[in-house]
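The values are calculated or read from the model by the stated rules, or taken from the named source; none is laboratory data. Keep in mind that this is a model prediction, so the values were computed, not measured. Cβ placement follows ideal geometry from the backbone for every residue including glycine, while neighbour counts extend to all protein chains displayed.
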Amino acid sequence: MPLLEVSNLITEFDTDEGRVRAVDQISFSANTGETLGIVGESGCGKSVTALSIMRLLPQPMGKIAGGSVLFQGVDLTTLPLSKMEKVRGNEIGMVFQEPMTALNPVHTIGKQIAEVLLLHNDYSTQRALKESVDILDRVGIPSPDIRMGEYPHQLSGGMRQRVVIAIALACKPKLLIADEPTTALDVTIQAQILELIKDLQAEMGMSVILITHDLGVIAETCEQVVVMYAGKIVEKGSVFDVFDNPSHPYTRGLLASIPTLETPPKSKLSVIDGMVPGLMDLPPGCRFENRCPYARHACGQSVPPIQVIEAQHEVSCFRWRDI
Amino acid sequence: MSDKPILEVRDLKMHFPVKEGILLRTNKFNKAVDGISLTIHRGETLGLVGESGCGKSTLGRCITRLYQPTSGSIYFEGQDITHLKGNALLPFRKDIQMIFQDPMESLNARHTVGDILEEPFIVQKIGDRISRKKQVLKLLDTVGLPARSTSRYPFEFSGGQRQRIGIARSIALNPKLVICDEPVSALDVSIQSQILNLLIDLQKEFNLSYLFIAHDLAVVKHISDRIAIMYLGKVVESAAGETIYRKPLHPYTRSLISAIPVPDPHRKVKRQVISGDVPSPIDPPSGCPFHPRCPQVMDRCKHEPPQLRSVADKHLVSCHLDL
Ligand SMILES: Nc1ncnc2c1ncn2[C@@H]1O[C@H](COP(=O)(O)OP(=O)(O)OP(=O)(O)O)[C@@H](O)[C@H]1O
Ligand SMILES: Nc1ncnc2c1ncn2[C@@H]1O[C@H](COP(=O)(O)OP(=O)(O)OP(=O)(O)O)[C@@H](O)[C@H]1O
Ligand SMILES: [Mg+2]
Ligand SMILES: [Mg+2]
């Protein structure tokens, strides 16, 4: 049984212009001890998916309008909020897209970590503080006992992100959801953070859902990959399926458009022309149709069903066999 | 590429005063750019890579004379422009242009795209109304935007389209040198390749020279003829793009290359991660600025700053190691 199983999840927002569906019937699962990557264009629904799992959608605008999120067999979408609070932090840790918003600027680093430990464990303050130092040390913060007494603004961006990860990991969660944990960071610091997550994962047997738009990061850290486009999953499979045999035209376009260190300098990069449709005017058919070089009449008529290519490799495209 | 450089920068320094204490006295300086020398030839792209805060934008802003450098000199087509002011600077303002990371910041949100693109012609007193309008339409065509864009406002465009507007404005006056400051960092992967292709096409068409600033080494390598690696206000290595990638010599360059996540799941290698954060340019380390993080640090590195030296044809490195 997978640790987390998302089925037909639908998330909607009430906006001034009406109701929009940011996540539309997506299904995927995360296995114990593995890393699942979610990739896709800005605005495709990656963060909303994460917030839906955590039941942290902005209120009252956002709500889960359908589907289920089974975590260890329990449906989180219907769990009473008091129980959900126990799951958060204790069993599922989350690293948010903007590290600064996750830290309270008026409390010391030490206080913020200790608080999480006290909330979820039957610890004495002393023990919580001691353990906080250990955690900071584990995420590679030098002189952790001194840093305990400092405020977020006194730390560099990389250190702040490590503190955020430390907080998410404080209670040794079974699942860590990391939303673009390294996007704002320098390359060398990014490498440190990714290695750190990998090491901790191996040590604690934790599952990770990693949200990023960096295909390099996905290739390097994930076992499974989900490719999203305009609120839907267009392709999913093992990292090898998706990179070796990309079957949705969007996945292909993405992979072909990134320059790598191997592409000849100044050669023409392949491009995906056009723009993602807005959530207010989604087409009746395939959402990638207006940008797809392989589109046919049928693609604009109805939403392509999910088709199984092999074992765990699935694609939502009418034409995957022909391309 | 002709032999006479279009741009030559010699020992350029930009030290920002740091105000401290209640009297706001200046005791310290932020040595954002600390002795940089480089040349760019006609039709050539020099890539500039380095971590956040190492001084890349500051260097670009000194060259465009948005900042008055503390010391050193800037030669444009052989002429010293370091201290030119007012009207004397005007012709160079036309020849040296800049493209910014966030086009929203540089495009006046209350002006239509037509007005934004016409402005450079008005400032330089070029043509009458009718001929200027014609030029604007030609520019839009060059960067692949529809003619009807003239009456629309920047916020009505996507990020990639806005960057096209920024590019159109920067090439309006047929510049010779364009400083591209992270022009694709904020864009989606699928849009990034469109902009890179456009920049490469424009370079071929108009024989433009670029200083291309970015932290994504794969992107920089794709567009650049030569690459300079910056660390804490200094160039630590420079060579042809291919050389930087295949035969990096400086330990910092090596760790940068090793930190790049490669979009190929078959190449999961344990990276050589360097520890520690990028130090502050206000209190830079003594000796070699990289020594506190360097895996090959020697005693000498701690007090003796290395000089940039030539190790092979057009390959410069600043390091005490026997390379
Ligand atoms: N509070 C909200 N009200 C209305 N719409 C929202 C709200 N939050 C998100 N959305 C919409 O939901 C869609 C998905 O947003 P989401 O933040 O999940 O994108 P993302 O894939 O995480 O993008 P990015 O890569 O830029 O972080 C977007 O179109 C966004 O405009
Ligand atoms: N106008 C200014 N006044 C004072 N300090 C400045 C100014 N502009 C930049 N700095 C400082 O100079 C240093 C270099 O900044 P710069 O913006 O050049 O870095 P960068 O390499 O472009 O970084 P990034 O990749 O984050 O854009 C930083 O410490 C910055 O705080
Ligand atoms: Mg997001
Ligand atoms: Mg910058």
Please verify whether A:MET148 is more than 16 Å from ligand 3 (Cβ to nearest atom), more than 10 Å from chain B (Cβ to nearest Cβ), among the aliphatic types (A, V, I, L, M) and over 18 Å from A:ARG88 (Cα atoms), treating the condition exactly as stated.
yes
Would you confirm whether or not the range B:41-58 contains a residue that is over 17 Å from the mean Cα position of the chain (by Cα), touching a residue at least 24 places away in the same chain (Cβ under 8 Å), farther than 25 Å from B:SER185 by Cβ and crowded, with 16+ Cβ neighbours inside 10 Å?
no
Filter result (charged (D, E, K, R) and within 16 Å of ligand 4 (Cβ to nearest atom)) within the range B:171-195:
B:ASP181, B:GLU182
Scanning the range B:236-260 for residues that are touching a helix residue (DSSP H, G or I) at 6+ places or on another chain (Cβ under 9 Å) and of a type in the set (D, E, K, R), which turns out nearest to A:PRO259 (Cα to Cα)?
B:GLU242
When the residues of the range A:33-47 are filtered to those that are within 14 Å of another protein chain (Cβ to nearest Cβ) and over 24 Å from A:PHE288 (Cβ atoms), which remaining residue is farthest from ligand 1 (Cβ to nearest atom)?
A:GLU34
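Yes or no, residue by residue, for (1) crowded, with 24+ Cβ neighbours inside 10 Å; (2) more than 13 Å from chain B (Cβ to nearest Cβ); (3) not small (Gly, Ala, Ser):
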position	(1), (2), (3)
A:HIS153	no, yes, yes
A:ALA170	yes, yes, no
A:THR183	no, no, yes
A:ILE189	yes, no, yes
A:ASP199	no, no, yes
Which residue, of A:ASP199, A:ASP214, A:ASP244, A:ASP186, is within 16 Å of ligand 4 (Cβ to nearest atom) and either in contact (Cβ under 8 Å) with a residue 24 or more places away in the chain or not aliphatic (A, V, I, L, M) (or both)?
A:ASP186
Tally, over the range A:28-46, of residues that are among the β-branched types (Val, Ile, Thr) and surrounded by fewer than 19 Cβ atoms within 10 Å (Cβ to Cβ)
1
Looking only at the range A:247-258, and only at residues there that are at the interface with chain B (Cβ under 9 Å from one of its Cβ atoms) and crowded, with 21+ Cβ neighbours inside 10 Å, the one that is farthest from A:ARG287 (Cα to Cα):
A:ILE258
Matching option when the condition is more than 16 Å from ligand 4 (Cβ to nearest atom) and not polar (S, T, N, Q), among B:LEU66, B:LEU38, B:LEU59, B:LEU48
B:LEU38
Checking the structure you have, find out if any residue of the range A:73-88 is under 17 Å from the mean Cα position of the chain (by Cα) and either of a type in the set (Ser, Thr, Tyr) or within 15 Å of ligand 3 (Cβ to nearest atom) (or both).
no
Scan B:ILE213, B:ILE223, B:ILE195 and give me the residue that is among the β-branched types (Val, Ile, Thr), within 16 Å of ligand 2 (Cβ to nearest atom) and in contact (Cβ under 8 Å) with a residue 24 or more places away in the chain.
B:ILE213
How many residues are assigned to a helix (DSSP H, G or I), over 29 Å from the mean Cα position of the chain (by Cα) and not aliphatic (A, V, I, L, M) when one looks only at the range B:117-149?
6
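From the list A:SER68, A:SER52, A:SER7, which residue is under 15 Å from the mean Cα position of the chain (by Cα) and closer than 23 Å to A:MET228 by Cα? Reasoning before the result, please.
On the way: A:SER68 fails: under 15 Å from the mean Cα position of the chain (by Cα); A:SER7 fails: under 15 Å from the mean Cα position of the chain (by Cα).
Going through A:SER68, A:SER52, A:SER7 in turn, just one is under 15 Å from the mean Cα position of the chain (by Cα) and closer than 23 Å to A:MET228 by Cα: A:SER52.
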Qualifying residue in the range B:72-89 (condition: among the basic types (Lys, Arg) and over 24 Å from B:ASN174 (Cα atoms)):
no
So, in the range B:112-150, how many residues would count as being small (Gly, Ala, Ser) and crowded, with 21+ Cβ neighbours inside 10 Å?
1
Answer residue from the range B:171-199, given it is of a type in the set (Ser, Thr, Tyr) and crowded, with 24+ Cβ neighbours inside 10 Å and is nearest to ligand 3 (Cβ to nearest atom) among those:
B:SER190
Residue that is under 16 Å from A:LEU176 (Cβ atoms) and surrounded by fewer than 18 Cβ atoms within 10 Å (Cβ to Cβ), where the choices are A:GLN25, A:GLN59, A:GLN72:
A:GLN72
Among the residues of the range B:59-100, which ones are within 14 Å of the chain's Cα centre (by Cα) and either surrounded by fewer than 15 Cβ atoms within 10 Å (Cβ to Cβ) or within 16 Å of ligand 3 (Cβ to nearest atom) (or both)?
B:LEU66
From the list B:ILE223, B:ILE229, which residue is aliphatic (A, V, I, L, M), at the interface with chain A (Cβ under 9 Å from one of its Cβ atoms) and touching a Pro at 6+ places or on another chain (Cβ under 9 Å)?
B:ILE223
Which one of these is away from chain B (no Cβ under 14 Å), aliphatic (A, V, I, L, M) and within 13 Å of ligand 1 (Cβ to nearest atom): A:ALA50, A:ALA30, A:ALA102, A:ALA114?
A:ALA50
Does A:LEU56 fit the bill of being away from ligand 2 (no atom under 16 Å from the Cβ) and either closer than 24 Å to A:ALA166 by Cβ or within 14 Å of another protein chain (Cβ to nearest Cβ) (or both)?
yes
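Considering only helices (runs of 4 or more DSSP H) fully contained in the range B:1-112, which possess at least 2 residues that are at pLDDT 95 or above?
Qualifying helices (runs of 4 or more DSSP H): B:56-63.
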Some residue of the range A:279-286 being buried (at least 22 other Cβ atoms within 10 Å of the Cβ) and either within 20 Å of A:THR212 (Cα to Cα) or at the interface with chain B (Cβ under 7 Å from one of its Cβ atoms) (or both)
no
Does A:GLY67 satisfy being in a strand (DSSP E or B), within 16 Å of ligand 3 (Cβ to nearest atom) and within 27 Å of A:ALA311 (Cβ to Cβ)?
no
Residues that are within 24 Å of B:GLN124 (Cβ to Cβ) and more than 10 Å from every other protein chain (Cβ to nearest Cβ): does the range B:198-205 have at least one?
yes
Is the range A:239-247 home to any residue that is modelled with pLDDT of 95 or more and within 21 Å of A:GLN97 (Cα to Cα)?
no
Restricted to the range B:281-323, and to residues that are more than 26 Å from the chain's Cα centre (by Cα) and of a type in the set (S, T, N, Q), which residue is nearest to B:SER52 (Cα to Cα)?
B:SER286
Considering every residue within the range A:211-229, establish whether at least one is of a type in the set (A, V, I, L, M, F, W, C), surrounded by fewer than 21 Cβ atoms within 10 Å (Cβ to Cβ) and more than 16 Å from ligand 2 (Cβ to nearest atom).
no
